[in-house]
Amino acid sequence: MRKLLVVLTAALMVQTAAFAQKTVAKENVLKNYVTDFEKNYPEVQNVKWVQYDSLNYEATFTNDGVLQQVIYSNKGTEKRWYVEQEYTPKAIKDTLANSYQGYKIKHVCIVELRGKMTYQVRIYKKGGLFGRKQKDPKQLNFETNGKFIDAISL
């Protein structure tokens, strides 16, 4: 029993480390990422940098009242603009109403990656004793015209 507990504890620690992210100072971010960010967003002052691993960083900030993220990785630069739900295209709202009844929207964002723009919608069902737990989370991807692309279980 003791060995099982030790093995489970070690596995949990490894899993936690694998998904660890930490807030870092700008000085600890790869120089080319900071240079690119400052070139593209010279007016932005309050940036929160998060490091996922040695090559993956995320800059979160507000620009003109819109929450944005720029994610730098060896796969490219991904830009995200978070959208208020009332500004979500009607075609996306219709898909949610018809195909995902009982789901709540966590957030909606416009994503640009490798020159292609899409909408990402994160949804979930309420669960748990008091409905506070998020069950069956999904990421729905749409073209900018609202046409459904795919759904990914998270």
Checklist entry - Using a Gaussian network for the chain with springs between C-alpha atoms less than 10 Å apart, which of these wobbles most: Y103, Y33, Y72? => result Y103
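Using the count of nearby Cβ atoms within 10 Å as a rough guide to exposure, how do L55, L67 rank from fewest to most? Kindly include the intermediate steps, with their values, before the conclusion.
Working: L55 12, L67 15.
The fewest-first ordering by Cβ neighbours comes to L55, L67.
Using the number of other C-beta atoms within 10 angstrom as an exposure proxy, rank S73, S54 with the fewest first.
S54, S73
Here, each number is a calculation from the coordinates, and none is a lab measurement. No experiment lies behind these values; they were computed from the predicted model shown. All Cβ positions, even for glycine, are placed from backbone atoms using ideal geometry, and neighbour counts span all protein chains on display.
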